[in-house]
Amino acid sequence: MNKRKEKLKPGEIVPLTFDYVFTAIFNNPNNMDLIEYFLSDYLSIPYNNIKGNIEIQPRELELQHKKDRNIQVDLIIHFGSELINIELSNRGSESITERNIVSACSIHSRQLKYGDNSYAHIERTLQIQLNNFRCNEKNIKESFFLINKNGEILSKKFQIDVIDMVLGSKLWYTSKDEKLTRWCKVFTATTEKELKEAIGDDLMSKESNEKLIEEIDKYSKDEEIIGLFMKLPKRELEQNTFIEEARIKGFSEGIEHGRQQGMEQGLKQGIEQKNKETAKKMIKENLDIEMIMRITGLTKEEVEQIKKDLSKN
């Protein structure tokens, strides 16, 4: 019996808020122009001053302790002497926030590896958090720096911008000339009509506008991508972070309500088994090993072992 194939409704697309599609399109050297146009609008810098002056950097960050797993971020860009990290999140969490801060700090420390012992040459590291959930009270963008209790900024060379894309996409309907609101709508659009309206004729060049639409259309017609998008809810796409949060907190909330310690171990084992079962399904669909690691939270060695076990059966 043939399995029923997951399908999108007519006119629907797999949105850029789906992590796989976002990284596949924007972490691609062939789509450098799309990144350049976004940064041009975001940083309010003329496009010609950015064109040809950015480089995509490796996504994996090495941590200080060997026992810690490496962190894989969504996108790192080298622009001039600055490092720009773009992170996409579909759900808010204290651990996701802490993870993003650790990533930004690790990226900022990369500058010390260039062989210059002088800290005077340290340049700005900017992390742009594209959040597909309400996170800011009033503004689309909130910028954070290292400050003291009086609000005095210690250094402007380390900056984290938090973007409320839900608010931005709503404001787009009344502020269509604002580039950031348009980009918020582009990132969150779930239909082809919404996407084309947000892009319009002047967001980028005609060629780049068409390229972005074609790229999203390509993934929106890919059966494997559609299946993954529709079968895995957003909470599962970032479950590794939430699992870690539960581990760190020791399931304190549950314990406070009288849960037994044995339940914690059982839940942990259940989560691990669920991750392995998810990995098996993704391996059978021939999905990229990095994507499997990102979604399940398993190590590369664990995924490869599951792959070996499946090949024996």
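Things worth noting here:
- Compactness of the stretch 114-230 - radius of gyration and Dmax, Cα, Å: 18.6, 54
- Accessible surface, per residue, of the stretch 87-217 when the full set of protein chains is kept, probe 1.4 Å, Å²: 55 Å²
- Above-threshold pairs, the threshold being 31 Å between Cα atoms, out of K218/K312; K51/K185; K157/K221; K211/K307; K157/K185; K51/K281: K218/K312; K157/K221; K211/K307; K51/K281
- C135 accessible area, assembled protein chains, probe 1.4 Å, Å²: 50 Å²
- Taking amide H positions as modeled 1.01 Å from N, with prolines and chain starts lacking one, the residues under 5 Å from Q127 and 5 or more places away or on another chain are N85, Q159, I160, D161.
- For the stretch 149-212, the Kirkwood estimate of the hydrodynamic radius, built from every pair of different alpha carbons, is 13.4 Å.
- Gain in span if fully extended, I122 to K157, counting 0.36 nm per residue against the direct Cα distance: 11.8 nm
- Cβ-Cβ distance of K276 and E60, R₀ of 22 Å, FRET efficiency by 1/(1 + (r/R0)^6): the value works out to about 0.45.
- Estimated at 0.36 nm per residue, the fully extended path between E142 and Q72 surpasses their Cα-Cα distance by 22.8 nm.
- √(5λ) per eigenvalue of the Cα gyration tensor, the stretch 5-54, largest first, Å: 29, 12, 8
The values are calculated or read from the model by the stated rules, or taken from the named source; none is laboratory data. Please read all numbers here as calculations on a predicted model, not as lab measurements. Cβ coordinates were reconstructed from backbone atoms using ideal geometry, including for glycine residues, and neighbour counts include every protein chain displayed. These accessible areas exclude ligands, DNA and RNA; they are computed on the full protein's heavy atoms, side chains included. Shrake-Rupley method; radii C 1.70, N 1.55, O 1.52, S 1.80 Å.
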